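Have a look at the structure below, then the notes.
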Amino acid sequence: MRSTIKVLDNEPVTPNTTTTTTTTTTTSTNSTSTTTSSTTTATTTFDNTTTTVSPETTTVTPVPKTPILSFRIPRDESLTACLKVNMSVDFNFIYNAVSNGSSHNESIKISLNNYTTYDGKCENETNTLSIKFNTNWTLNLEYILENKQDYRLKTVSLVYVVNNEQFPNVNNGSLGPANAAASNLTEFAATKGNSYKCSAETAIKLDWNATVDVSNYIAQPFLDGKTPDFSTAVECSADTVGTSKLVPIIVGSALAILVILVLVAYIIGRRKHRPGYQQV
């Protein structure tokens, strides 16, 4: 009896075995004899199992950016605009909170993501924009024209409501409507006929506990209808500082590259014009 075992590898795995038996009978003429042989074949099957462990992944939720909102006075597109403003606005508050029986100050940032409605008014020396959002919140901007040629953003005021939803753990004594304002501002000033642009964030302090941060700002009050879009922009210093620092670097790099090219050309020229040895 022969037994053949086919082994795939040497892992200590319990095989599944199938056995097949074959019987052969041989008959001789002169004598009666029966020879019986048995062949046994054993087939071994192994289960190869591969386990893949997925790596742990950490998902970082990006901080949403405050959208750029556009405003036009009057809102009717068929009428000539007298005031146009594009900007992103965030409000930062410090308020009195109570938690675990102790009173302390907390800070909160609230973004102007959308608005309920807005309106405004344009007069010869005053342009205003009033934006209503959240519930009973209003942001007011007032531009003035001086000497009939220079304008500036003079006043920013905010009417807001302190509630438990937007001001977590707020002291009950602070609940209810509130307001804050800043006047006689000098920010966002330009000559009539030009727009004012400032992509960098500008913080305007309205009160000891309230600040409005304006970014991606471009505005033009006292429009005369000559241009359908913003006119040439006067940029704030915060936007031009980065550019002014880059200019010397770019010029210096260009000069260095030019000097290197001149030296390389000189060396190549010298090699080409080098006299060889003359035969006597």
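The values are calculated or read from the model by the stated rules, or taken from the named source; none is laboratory data. Keep in mind that what you see is a predicted model, and the values were worked out from it rather than measured. With ideal geometry, Cβ positions are generated from the backbone for all residues, glycine too; neighbour counts draw on all protein chains shown. SASA here: full protein model, heavy atoms, side chains in, ligands and nucleic acids out. Shrake-Rupley method; radii C 1.70, N 1.55, O 1.52, S 1.80 Å.
Which shape class applies to region 95-136: rounded if a/c is under 1.5, otherwise prolate when a/b exceeds b/c and oblate if not, where a ≥ b ≥ c are the square roots of the Cα gyration tensor eigenvalues?
Prolate, since a/c reaches 1.5 and a/b exceeds b/c.
Leaving ligands, DNA and RNA out of it, work out the accessible area of L175 with a 1.4 Å probe and give it in Å² to the nearest 10.
70
So with the 1.4 Å probe, I'd like the accessible area per residue for region 143-239, rounded to whole Å².
50
If Lys and Arg each add +1 and Asp and Glu each add -1, what is the summed charge of the other residues whose beta carbon sits under 10 Å from the beta carbon of N86?
After counting each charged neighbour, the total is +3.
Would you tally the net charge around E125, using a Cβ to Cβ cut-off of less than 10 Å, leaving E125 out, and scoring K and R as +1, D and E as -1?
Every neighbour counted, the sum reads -1.
Rounded if a/c is under 1.5, else prolate if a/b is larger than b/c, else oblate: which is region 133-273, with a ≥ b ≥ c the root eigenvalues of its Cα gyration tensor?
prolate
What figure in square angstrom, to the nearest 10, would you give for the accessible area of R270 with a 1.4 Å probe?
R270 has an accessible surface of roughly 150 Å² with all protein chains in place.
Once fully extended, how much extra length lies between S78 and V259, figured as 0.36 nm per residue of separation less the alpha-carbon to alpha-carbon distance?
Separation in residues times 0.36 nm, less the Cα-Cα distance, equals 59.3 nm.
In region 135-265, what percent of the accessible surface is made up of carbon and sulfur (1.4 Å probe, ligands and nucleic acids excluded)?
Here carbon and sulfur together make up 57 percent of the probe-accessible area.
I'd like the accessible area for T186, computed on protein heavy atoms only with a 1.4 Å probe and all protein chains in place. Round to 10 Å², please.
Accessible surface of T186 is approximately 110 Å².
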